[in-house]
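Chemist: Questions regarding the structure given below will be posed in turn.
The values are calculated or read from the model by the stated rules, or taken from the named source; none is laboratory data. Please read these numbers as outputs of a predicted model, since none were measured by experiment. Cβ coordinates were reconstructed from backbone atoms using ideal geometry, including for glycine residues, and neighbour counts include every protein chain displayed. Surface areas here come from the heavy atoms of the whole protein model, side chains and all, with no ligands, DNA or RNA. Shrake-Rupley method; radii C 1.70, N 1.55, O 1.52, S 1.80 Å.
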Amino acid sequence: MLRKSAGIAIIIRILTRICRACFRNSSMTPLSDLHQLIHATSTPERRYFRMWGNMQTSASEWNYLQLFDAILKQKDYDEAAIKQQFAGTKIAKNLAVEKHYLYMQLLKCLRQYRTRNRKDLQLREMIDAVEILAEKGMAEAAWRLLQRASKLAVKLDLPLVRMEIHILERRMGKQILKKKKANSSGDGGKEILGVVENEMDYHLLYDRFSMMLGQNHSARKAESEAELKEMLAHPLMSKIELAQSFYARTLFLQMKASAAFLRGDFEASLDYYGENLAEWRRYPNAIQRFPRRFLRVLGNYMTGLQKADRFSEIPAVLEEMRKCKKKYGILDTHNDTREYHFELLYYANIGKFEEAHIAADRMQKFFLQFEDKLHMKWKLPSAFNLAAVFFILGEFKKALRWINYIIQVEPTDKRKQIQHSSRIFQLVVHYELENLELLEYLMRNSKAYLRRHASMDRFELAVLNTMRDLMRAVTKKDRQRACQQLFSVLDSGFKKQIVGLDEIKAWARARSEGQKMTDVLPT
């Protein structure tokens, strides 16, 4: 029994030593990260690392450069060989410390190497420098550097960095204001101080408003209504002449326009958007400095025109937008959604379907290029508009592609009417594509979906009943009669605006009269 126990103890000791040896040499341990990183560097990066190290201290004192070369020569990491190579030196005695130091120095150097050709990394260094200057009490120097960083962030179109810069601007502005209060003397100093205080009040008020919008608040919610009323009652909101700078005046107008838009007063909103656009046009230097911001102003104005049902004025704004992009060499980004959206909407609404087809092809390419960056509030209406235009033009396969895209999106409270109408739209498209075997299943599926989401109203019932009658129809006359009945129901008027109503109505009338949808669709 004792011999058996002794034998088991020996086996356990042997297995323990084997496991320890395996873990020491395993490539999965952090010790091998350094070997992997060194061998992942390119030849120019290694050359830069050696030059960078020689500038730090003399080559003889640079222990981690020697360790770098030694590990670089090893195909597989061998710590025992490293210890043997540097036996009797500081490296061998403190190998763990030396390796960690080399690892961090190499990462630091590689970051600097990348910064030479990366504007975004240079921007990050500028922001760090601003914070250093601010901590040292050099507010004016920090402010000047921050303005350079702000221009670069606009040029690179980095919204998150611009938000960080925006916060820094507010903080730096407060520091400068505090310093000016301490140094102001006489009537002249008090006058300048009053201007600065007034400008800061405008910016802080606008920040509150932007935060409310950014948190997806709705003006229909009681707490948001109260907050919005409080801001609109601020004395600054009724006295635009107090705003001394162009930037403050445009913020004022943007805020008034957005507030009117939230209230549903689209005429007032358009007036403020128009005043804001006129203010920008009076200052060409501001457009030259912030062309992207000017494009957003144009986009806001087009939104106001659409809501005010003044589509005839949209082409002139679109042309101005394209000239601005061409003049300043601005390439498309995901922020240009409104340019393509309103172009398609304009041509479809005035009945120019050849131009609408071209606009739809352009918008389709844009959508697919920036799909991952587009916000859902633009994805769903853009996809539905594409489906509607292709449907009216008789390109049902293309229409079905975008309808399926909408249906596959998870149900959401935002734009839910589009998702519900797409369920009805797909039935008509599948009927036109003669997918009759699939149609019966889709009818049951759509009915169940709409009932589950409490969206089974007169419009949906009328289309579903017509689809059932068309499935049972034997002659062409029966099909025309079914479509005529659907058109009569849809043409009788609805209390609320329904997504897709005009397109389905045009389809029902065209099939009952034997015409093209482009000939019967009202503009």
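Chemist: I'm a student and want to see the number: the projected area of the Cα convex hull of region 382-452, averaged over all directions, in nm².
Modeler: 4.4 nm²
Chemist: Between Lys83 and Gln147, how many nm apart are label points set 7 Å from Cα along the C-beta direction?
Modeler: Calculated label separation equals 6.1 nm.
Chemist: Length gain on complete extension for the stretch Glu437 to Glu410, per 0.36 nm per residue less the alpha carbon to alpha carbon distance?
Modeler: Stretched out fully, the Glu437 to Glu410 stretch lengthens by 7.1 nm.
Chemist: Can I ask one more? Give the shape of region 422-478 as rounded, prolate or oblate, defined through the alpha-carbon gyration tensor: a ≥ b ≥ c are the square roots of its eigenvalues, a/c under 1.5 means rounded, and otherwise the shape is prolate if a/b is larger than b/c and oblate if not. Kindly include the intermediate steps, with their values, before the conclusion.
Modeler: Working: a/c = 2.29, a/b = 1.63, b/c = 1.41.
The shape class here is prolate.
Chemist: Moving on. Hey, can you find the accessible area per residue of region 387-489 for me, probe 1.4 Å, expressed in square angstrom? Walk me through the numbers before you get to the answer.
Modeler: Values: 5460 Å² over 103 residues.
Ligands and nucleic acids excluded, the figure is 53 Å² per residue.
Chemist: Could I ask something else about it? Within a Cβ distance under 15 Å of Thr475, other residues only, what is the Lys/Arg minus Asp/Glu net charge?
Modeler: Residues near Thr475 contribute +4 overall.
Chemist: OK, next. Run the dipole for region 434-523 about the Cα centre, Lys and Arg Cβ at +1, Asp and Glu Cβ at -1, nothing else charged, and hand back the magnitude in debye, nearest 20.
Modeler: Once rounded to the nearest 20, the dipole reads 280 debye.
Chemist: Right, here's the next one. Give, in nm to one decimal, the length gained when the segment between Lys73 and Ser312 is fully stretched (0.36 nm per residue of separation minus the Cα-Cα distance). Each step should come with its number before you reach the end.
Modeler: Numbers: separation 239, 0.36 × 239 = 86.04 nm, distance 7.19 nm.
Fully extending the segment from Lys73 to Ser312 adds 78.9 nm.
Chemist: For each pair in Lys151/Lys327; Lys352/Lys516; Lys398/Lys496; Lys323/Lys416; Lys416/Lys447; Lys365/Lys505, compute the distance between the two Cα atoms and list the pairs where it is over 26 Å.
Modeler: Too far apart for the 26 Å limit: Lys398/Lys496; Lys323/Lys416; Lys365/Lys505.
Chemist: Want the number for Ala473 to Lys352: 0.36 nm per residue separation, take away the alpha-carbon distance, what's left?
Modeler: Contour length minus the Cα-Cα distance gives 40.1 nm.
Chemist: Rounded, prolate or oblate: which fits region 437-523 when a ≥ b ≥ c are the square roots of the eigenvalues of the alpha-carbon gyration tensor, with rounded for a/c under 1.5 and prolate only if a/b beats b/c?
Modeler: Working: a/c = 2.05, a/b = 1.15, b/c = 1.79.
It is oblate, given that a/c is not under 1.5 and a/b is not larger than b/c.
Chemist: Could you derive backbone 3J(HN,Hα) for region 82-88 from the dihedral phi with the Karplus parameters 6.51, -1.76 and 1.60 (θ = phi - 60°), listing whole Hz in sequence and x where the residue is Gly or Pro?
Modeler: Karplus-based 3J(HN,Hα) across region 82-88 equals 5, 4, 5, 5, 9, 4, x Hz.
Chemist: Name the shape class, rounded, prolate or oblate, that the alpha-carbon gyration tensor gives for region 288-345, where a ≥ b ≥ c are the square roots of its eigenvalues, rounded holds for a/c under 1.5, and otherwise prolate holds if a/b is larger than b/c and oblate otherwise.
Modeler: prolate
Chemist: Same structure, new question: Using θ = phi - 60° and the Karplus curve 6.51 cos²θ - 1.76 cosθ + 1.60, what whole-Hz ³J(HN,Hα) does each residue of region 345-355 get, with Gly and Pro shown as x?
Modeler: Karplus-based 3J(HN,Hα) across region 345-355 equals 4, 5, 5, 5, 6, 8, x, 8, 7, 5, 5 Hz.
Chemist: Protein chains only, probe 1.4 Å: how do Trp143, Trp507 rank by accessible area, largest first?
Modeler: So, going from the largest accessible area down, we get Trp143, Trp507.
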